[in-house]
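Structure first, commentary second.
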Amino acid sequence: MHRILLIDDDEALGPPLAAYLKRFDLALTQTSRPSLAWALLRDALAQQQPFEAAILDVMLPEMDGFAVCRALRADADERLRMLPIVMLTARGELSDRVVGLELGADDYLPKPFEPRELAARLQTILRRTRLAPPAPAPRQQLRFDGLVIDRDKREVLRQGEPVALTGTEFELLWLLASEPEKVFHRDEILNRLRGQDGDLYTRAVDILVSRLRKKLEPLQCVRTLRNAGYLFAGGRE
């Protein structure tokens, strides 16, 4: 069973959602407060039974979901920094979704939502983060001037220094760098990363690219073609 942490103060949501997600091999634990969530996350790591993803509501006591997301992405423990996050936005407004993505969330879902759609989003994220090349396949590594992307280790080195990327950011970089100079349209990127055609805003791609560019600075290898899409322009070593 894949362990999922739900951080939502609507205590009536957890039990029926847990029962439903169990059908998909997803074991849901709910907590209503961020302080309790931190305790659960760290205890799970100590017990070597880490949560594999978090579902995070925006409206929470103590601190809002955006602050929790920001804190997770800045945590000293890499395992928490890389934890996949699906944000729940009560109003479903584009502004909430944009902020969540800018802070490092991997996906978002407006309330009210269909449990089947949430299960599909979680399964997509888990497949992406757990994906590994079959042995004895050769090492999957891309090398460019000032940049090394290692798919086996899920590691990126910029000018010899490690770059902390979320799972979605890593997959975006790998997608673009695997075919340098190829133009990827926004819809194509969404479909490739999410694994489905869902009604996702293409603005999400712009946000992901902006985050990725900032983390790769001073390298300028991800370029925009106006009204076309994005391409990777790094020179091979």
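The values are calculated or read from the model by the stated rules, or taken from the named source; none is laboratory data. These numbers come from a predicted model, not from an experiment. So basically every Cβ, Gly included, is an ideal-geometry build from the backbone, and we count neighbours across all protein chains shown.
In segment 83-95, which residues are at pLDDT 90 or above and part of a loop (DSSP other than H, G, I, E, B)? L83, P84 - these are the residues of segment 83-95 that are at pLDDT 90 or above and part of a loop (DSSP other than H, G, I, E, B).
Residues in segment 50-60 that are buried (at least 19 other Cβ atoms within 10 Å of the Cβ) and more than 22 Å from R154 (Cα to Cα): I55, L56, D57, V58, L60.
Residues are listed down the side, and each one gets a yes or a no for (1) of a type in the set (A, V, I, L, M, F, W, C); (2) touching a Phe, Trp or Tyr at 6+ places or on another chain (Cβ under 7 Å); (3) crowded, with 21+ Cβ neighbours inside 10 Å:
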| position | (1), (2), (3) |
| --- | --- |
| H2 | no, no, no |
| L41 | yes, yes, yes |
| Q48 | no, no, no |
| E62 | no, no, no |
| A67 | yes, no, no |
| L80 | yes, no, no |
| I85 | yes, no, yes |
| S95 | no, no, no |
| V98 | yes, no, no |
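For segment 206-237, taking the residues that are among the β-branched types (V, I, T) and not in a strand (DSSP E or B), the one that is surrounded by the most Cβ atoms within 10 Å (Cβ to Cβ) is identified as V209. Against the numbered list (1) part of a strand (DSSP E or B); (2) within 16 Å of the chain's Cα centre (by Cα); (3) farther than 21 Å from T129 by Cβ, F66 comes up short only at (1). Pairs meeting the criteria (first residue in segment 156-167 and more than 16 Å from A74 (Cβ to Cβ), second residue surrounded by 15 or more Cβ atoms within 10 Å (Cβ to Cβ) and among the small types (G, A, S), beta carbons under 8 Å, at least 6 apart or on different chains) are R158/G146; Q159/G146. Criterion first (at pLDDT below 90, more than 17 Å from I4 (Cβ to Cβ) and not aliphatic (A, V, I, L, M)) does D64 satisfy it? Considered against the rule, which asks whether it is at pLDDT below 90, more than 17 Å from I4 (Cβ to Cβ) and not aliphatic (A, V, I, L, M), D64 comes out as no.
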